[in-house]
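To keep things clear, I will list the structure first and then write my remarks on it.
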Amino acid sequence: METPDIATPIHARIVEGLERIATALKSDDWSRAQAAGVNPTQLSILRTLEGRNAGLSVKDLSFQLGVSQPTVTDSILALERKSLVEKRPDPADGRAVRVVITDTGRAAVQAGDAATGTVGQAAAALDDEDQELLLVQLVSLIRQLQEQGAIPIQRMCVSCRYFRPYAHDDAARPHHCNFVDAAFGQQDLRIDCRDHETADPSVRAATWATFQKGRPLHPPGN
C-alpha cells in the first residue's frame, strides 16, 4: 500500500486521472457517433473538416487525427457513400484531391454534438472558477504536447497570430482578439477556433510567455 512518503510522482497520477477520463470519453464518442450515423473515426474526420472550407488532404487528416492514412482512406470512402464528404481537385496540385465536408456531413456533426456526454455533464457540474482553471490547465497541457511534436498545432488562442494576452486592465476580460477586435476573458479561451491562423514560432513563444506571466496561479477569490 502506498503512503504519502512513497506515492507515485504527481505527473504519473495526473496521467492516471486522464486515462480514467479517456475511458469515459471513448464511451461518449460512441454515443455521439451513433447519433450521427457513423463510427467514432468517421465522426472525428467530419469534425476535423468542419470549419475548414478548403478541405484537407488524406495526409493532413491522418496527421491531424494521429491515425494511419489507410484508416483515413477507408473512412473517407464510407463517408463518401453516405454523402457526408466529397473529394475536390486540389487547386495547388492537379494530381491531388482534398476532402471537403458536405451540408449533410455538417448536419451529422450537429446531431452528434447534440448527444449528451457524461464527461461534458461532469465538467458542467464544476463551479465556474474550477471550470476556468481546468480550461487553462488543459490549454497548457495541449501546448506542451504541441511543442514536443506529439500532436499537431491546435487551433487554440495561445497559438494564434490574432491573440494578444493581457492586453487590457479589465480582470474579467484581459485578452484581445485582433480578428474580431474584441476583448475576452479566460473562460472564453478557445481550444479549436475556426478563425485560427497559426503564429510564427517566435511569436507563439512570446505570446505564451506573456500569457504565463500574466495569469494567476489560482482563480479569483481563492
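Computed values, structure above
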{"quantity": "So ALA35, is it closer than 15 Å to VAL109 by Cα and either assigned to a loop (DSSP other than H, G, I, E, B) or of a type outside the set (D, E, K, R) (or both)", "calculated": "yes"}
{"quantity": "Filtered residues of the range 169-190 (kept if part of a loop (DSSP other than H, G, I, E, B) and acidic (Asp, Glu))", "calculated": "ASP169, ASP170, ASP181"}
{"quantity": "Those residues of the range 146-185 which are within 14 Å of the chain's Cα centre (by Cα), over 15 Å from THR210 (Cα atoms) and either of a type outside the set (A, V, I, L, M, F, W, C) or at pLDDT 95 or above (or both), in sequence order", "calculated": "GLN146, PRO152, GLN154, ARG155, MET156"}
{"quantity": "Only listed residue being under 19 Å from the mean Cα position of the chain (by Cα) and assigned to a helix (DSSP H, G or I), chosen from ILE14, ILE76, ILE21", "calculated": "ILE21"}
{"quantity": "Pair list, Cβ under 7 Å, 6 or more apart: the range 52-79 residue in the same structural domain as GLY149 (by TED's automatic domain parsing) and modelled with pLDDT of 95 or more, other residue of a type in the set (S, T, N, Q) and surrounded by fewer than 19 Cβ atoms within 10 Å (Cβ to Cβ)", "calculated": "none"}
{"quantity": "Boolean, THR118 is within 30 Å of ASN53 (Cβ to Cβ) and not hydrophobic (A, V, I, L, M, F, W, C)", "calculated": "no"}
{"quantity": "Top-ranked residue in the range 99-152 [being among the hydroxyl-bearing types (Ser, Thr, Tyr) and not in a helix (DSSP H, G or I); ranked as surrounded by the fewest Cβ atoms within 10 Å (Cβ to Cβ)]", "calculated": "THR116"}
{"quantity": "Residue check, GLU2 modelled with pLDDT under 95, among the acidic types (Asp, Glu) and either part of a loop (DSSP other than H, G, I, E, B) or loosely packed, with under 14 Cβ neighbours inside 10 Å (or both)", "calculated": "yes"}
{"quantity": "Boolean, HIS196 is under 19 Å from the mean Cα position of the chain (by Cα) and either in a loop (DSSP other than H, G, I, E, B) or surrounded by fewer than 18 Cβ atoms within 10 Å (Cβ to Cβ) (or both)", "calculated": "yes"}
{"quantity": "Residue match in the range 208-215 (condition: within 30 Å of LYS59 (Cβ to Cβ), in contact (Cβ under 8 Å) with a residue 40 or more places away in the chain and part of a loop (DSSP other than H, G, I, E, B))", "calculated": "no"}
{"quantity": "Considering residues of the range 24-59 that are β-branched (Val, Ile, Thr) and under 18 Å from the mean Cα position of the chain (by Cα) only, the residue surrounded by the most Cβ atoms within 10 Å (Cβ to Cβ)", "calculated": "ILE45"}
{"quantity": "Test: residue in the range 167-179 that is within 26 Å of SER62 (Cβ to Cβ) and not assigned by TED's automatic domain parsing to the domain that holds VAL15", "calculated": "no"}
{"quantity": "Condition met for LYS26 (in contact (Cβ under 8 Å) with a residue 12 or more places away in the chain, touching a Lys or Arg at 6+ places or on another chain (Cβ under 8 Å) and of a type in the set (Lys, Arg))", "calculated": "no"}
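Residue-by-condition table, conditions (1) within 30 Å of TRP30 (Cβ to Cβ); (2) among the charged types (D, E, K, R); (3) in contact with a Phe, Trp or Tyr (Cβ under 7 Å, 6 or more places away or on another chain):
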position	(1), (2), (3)
ALA107	yes, no, no
ASP113	yes, yes, no
LEU141	yes, no, no
MET156	yes, no, no
ALA167	no, no, no
ASP170	no, yes, no
CYS177	no, no, yes
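The values are calculated or read from the model by the stated rules, or taken from the named source; none is laboratory data. Predicted model only: the values in this text are computed from it and were never measured. Positions of Cβ are backbone-derived with ideal geometry, glycine not excepted, and every protein chain shown enters the neighbour counts.
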